[in-house]
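The values are calculated or read from the model by the stated rules, or taken from the named source; none is laboratory data. Keep in mind it's a predicted model, so treat the numbers as computed, not measured. Virtual Cβ from ideal backbone geometry, glycine too; neighbours counted across all protein chains shown. Quick note on the areas: whole protein, heavy atoms, side chains included, nothing else; ligands and nucleic acids left out. Shrake-Rupley method; radii C 1.70, N 1.55, O 1.52, S 1.80 Å.
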Amino acid sequence: MSATDKHDASPATILIAALLAAIAGFGTVYLSFAPSDNGRLASSIKQGEGGAAAPAEEKAGHGPLAGLNKGAMAAFLARPKPLDLGEVSFVDGEGETKSLSDWRGKVVLLNIWATWCVPCREEMATLDKLEAALGGKDFQVVAVNIDRGGGDKPKSFLAETGATHLSLYTDPSGKLFSTLKAVGMPTTLLLDRAGHEIGRLVGPANWDSPEALALIKAAIAAPASA
């Protein structure tokens, strides 16, 4: 591991992530100076996971998600190789512990949000529409709230935004944000059927747009990673 990897993400790295969200047409991203690999994610796509130069087809977005990071999904960063996230857990609305393995076999859009995140409010409605359109045996939106102080406020937030198709999930441990190496709010990860991250988007997005639907449908149709 290099000395750079041992340090927290630099302000420049965080600014790059914010600008990626701005490319998609959003002016506000809530940033955190928590450790993150999101800037290095963009670099790894250009350089290859092992540090060597990536083939031309990989730089162009080779794979099932090739060419789909455009329009409303312009800020989406596809990983050249699926990433095993390890142990990731949170709780459902009943207080029961859940982990990503509970969704094994489904493509998952894992969204990290908070009630104090203004862009999350508008985005939540689009996530709800995405779940209504594609949710089922092959796909699910899993939106996890990272507020502290219980689930009453997040539950009210979902009701206020009209999110009737999304289940309530919360992170009382406060560790999810750093575990997933998120850099801004909201952050959304796309996971394949094996629970591996195949891409992420920092900042709000229109998740019921034609571009988002095309991206999710391509992920559903793609074979799961080992």
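The table that follows gives values for the structure above.
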read-out: Qualifying position, being at negative phi and under 16 Å from the mean Cα position of the chain (by Cα), among ALA133, ALA163, ALA114, ALA159; value: ALA114
read-out: Residue within segment 46-65 that is in a helix (DSSP H, G or I), open to solvent by less than 80 Å² (accessible area, probe 1.4 Å) and modelled with pLDDT of 50 or more present; value: no
read-out: Of residues in segment 66-81 being in contact with a Ser or Thr (Cβ under 8 Å, 6 or more places away or on another chain) and modelled with pLDDT of 95 or more, the one farthest from VAL142 (Cα to Cα); value: GLY71
read-out: Hits in segment 89-100 - residues which are open to solvent by 10 Å² or more (accessible area, probe 1.4 Å), touching an Asp or Glu at 6+ places or on another chain (Cβ under 9 Å) and not aliphatic (A, V, I, L, M); value: SER89, LYS98, SER99
read-out: Test result for TRP103, touching a residue at least 40 places away in the same chain (Cβ under 8 Å), within 18 Å of LEU191 (Cα to Cα), open to solvent by 10 Å² or more (accessible area, probe 1.4 Å) and not β-branched (Val, Ile, Thr); value: yes
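For (1) outside any strand (DSSP E or B); (2) polar (S, T, N, Q); (3) buried (at least 21 other Cβ atoms within 10 Å of the Cβ), each residue gets a yes or a no:
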position	(1), (2), (3)
ALA194	yes, no, no
LEU201	no, no, yes
TRP207	yes, no, yes
GLU211	yes, no, no
